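Data first, discussion second: the structure below is written as structure tokens.
The values are calculated or read from the model by the stated rules, or taken from the named source; none is laboratory data. If you're wondering where the values come from, they're calculated on a predicted model, not measured in any experiment. Cβ coordinates were reconstructed from backbone atoms using ideal geometry, including for glycine residues, and neighbour counts include every protein chain displayed. Calculation scope for accessible area: heavy atoms of the full protein, side chains included, ligands and nucleic acids excluded. Shrake-Rupley method; radii C 1.70, N 1.55, O 1.52, S 1.80 Å.
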Amino acid sequence: MPLTEIYAILMLVAFFVLLMIGIPVGLTLAVSGFVFGWLGFGPMLFNLLPHRLFGVLTNYSLLAIPLFVFMGVMLEKSKLAEDLMRVVGHLAGNLRGGLGIGIVLVGVLMGATTGIVGATVVTLGLLTLPTLLRYGYDKGLACGVICASGTLGQIIPPSLILILLADIMNESVGTLFAAAMIPGLMLAAIYCVYILLLGVLKPSAVPPVPQAERDAMPRAELWTKLFKVVAPPVGLVIAVLGSIIGGVAAPTEAASMGALGAILVTALGRRFSFAVLRDTVTSTAKITAMMMYILMCAQVFALAFRGLQGEKLVHDLFALLPGGVAWDIWFMMAIVFVLGFFIEWIEISYIAVPLFLPVFIEQGVNLVWLATLICVNLQTSFLTPPFGWALFFLRGVAPPEIATGDIYRGVWTFIGLQLIALYLVFQFPALALWLPQAIGW
């Protein structure tokens, strides 16, 4: 084996060792890339790196990231989920599991508007977990449905994962948004079907809202409040996503209008203030800076790995696999799933995907379909212990009677449901490809 390929393997090992001892991900990427890049081909790395970093900073499509983050944070400040959950339990009526289904639907709407997992999980946890426990919901199920619903924003457009994958795979953001729409809604539907089945097979785990509480608010008043709460954000989502998917506006242009629309929605809800704007801008700056920092550090790692013939090493590894393209895809999905136990979706997107992408391009795999598979798979990274962020977020706001074991026990079923959705998208590519083809992308 050539010395450069040995360095490439050692660089991967060093990356995971540094990560496991607690070094921040950005520094881990940069340090392992710089050290082994220098060992492999000397100062030439530093001559090539500025061009790569400049290319990242001047990438016009990445401008959509802070704008969508601003839109999401502003809508989160508008207390959208709080307003929705005030009426959704009453509208569920005497349906067993109705409140759980309502949480999933709120997760869909929050995902399409805010897309911020931490904010959605924390909000749903604070608003609904004590209520679910009071009604007699199974502790594990209550925790699982909140965590799983809070992560739907990572596949339902406008998803930051899709924007990054579009940049990595050199695909249109609008195409990936259209491709992820049906799988995202399908995943939410799978959650709802599971909760409904529990209502039939194990009704004690998902009791209905008590009649006395449902009678506290007239039905007509409920529908009026629901319309006032749902119409503004849904209209905003339709305007933003419709303009992107329909080809009317570029993602960055639509994102800027979405940011402005989020301000208007918050103002209409009489919750806009200078303090809200300041907090939104501050949070947007922090989230964007974190993402761009990791992205730039990943360029060091990627450049060094490519220079050390790492791509050839990966290609040779795939050549050893039996079963052709299907097994290659599942091998990649398995690696992405396992990495989700230890690192975040941003690092997985900019480490694992570029390593394997040349193999699938050479094999002629549809990259839109592949990106959708990756996006569905990355849902699991928010739920898989020990480093599933949704678990941490819920643990921070859960009442004392909820043990960490209850949260871990509750999410495993939903991880299984996510893997079922992954299999369905793999087995039926039209789930991802029909909508982009139907609208002419």
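Here are some notes:
- Value of [θ]222 nm, deg cm²/dmol, for the chain, DSSP H segments ≥ 4, -39500 (n - 2.57) each, nearest 500: -26000 deg cm²/dmol
- Here the 3J(HN,Hα) profile of the stretch 36-52, calculated from phi with Karplus coefficients 6.51, -1.76 and 1.60 at θ = phi - 60°, is 7, x, 5, 5, x, 9, x, x, 4, 4, 6, 6, 8, 5, x, 5, 5 Hz, Gly and Pro shown as x.
- C-alpha center-to-center spacing [the stretch 379-438, the stretch 162-191] in angstrom: 16 Å
- Peptides 124-133, 13-22 ordered by packing proxy, namely the average of other Cβ atoms within 10 Å per residue, highest first: 124-133, 13-22.
- Helix 345-363 axis, angle to the chain major axis (alpha carbon atoms, nearest 10°): 60 degrees
- Which listed pairs, of LYS139/LYS228; LYS228/LYS286; LYS77/LYS228, have C-alpha distances above 21 Å, in listed order: LYS139/LYS228; LYS228/LYS286
- Between ILE420 and LEU39, the distance separating the two model label sites (each 7 Å from Cα on the Cα→Cβ line) works out to 4.7 nm.
- Peptide ranges 44-53, 148-157 listed from the most packed, as the mean C-beta count within 10 angstrom indicates: 148-157, 44-53
- Axis of helix 139-150 versus longest Cα principal axis of the chain: the two differ by about 60°, to the nearest ten degrees.
- On a per residue basis, the chain carries 41 Å² of accessible surface, using protein heavy atoms and a 1.4 Å probe.
- Highest average packing first - 372-379, 285-292, 418-425, 432-439, Cβ atoms within 10 Å: 372-379, 418-425, 432-439, 285-292
- Segment VAL338-ASN59, extension gain: residue separation times 0.36 nm, minus the distance between their alpha carbons: 97.4 nm
- Residue separation of GLU5 and ALA231 scaled by 0.36 nm, minus their Cα-Cα distance, works out to 75.7 nm of gained length.
- Taking a point 7 Å out from the Cα of ASP316 in the direction of its Cβ, the residues of the stretch 36-57 whose backbone N falls within less than 19 Å of it are 37, 40-41.
- Descending semi-axes in whole angstrom, ellipsoid equivalent of the stretch 269-394, from the Cα gyration tensor: 34, 18, 14
- All Cα pairs of the chain, percent lying beyond 29 Å: 48 percent
- Helix 117-135 vs. the chain, principal-axis angle (Cα, 0 to 90°, nearest 10): 40 degrees
- Per DSSP, loop GluC sites (Glu not before Pro) in the stretch 345-441 with at most 16 further Cβ within 10 Å: GLU401
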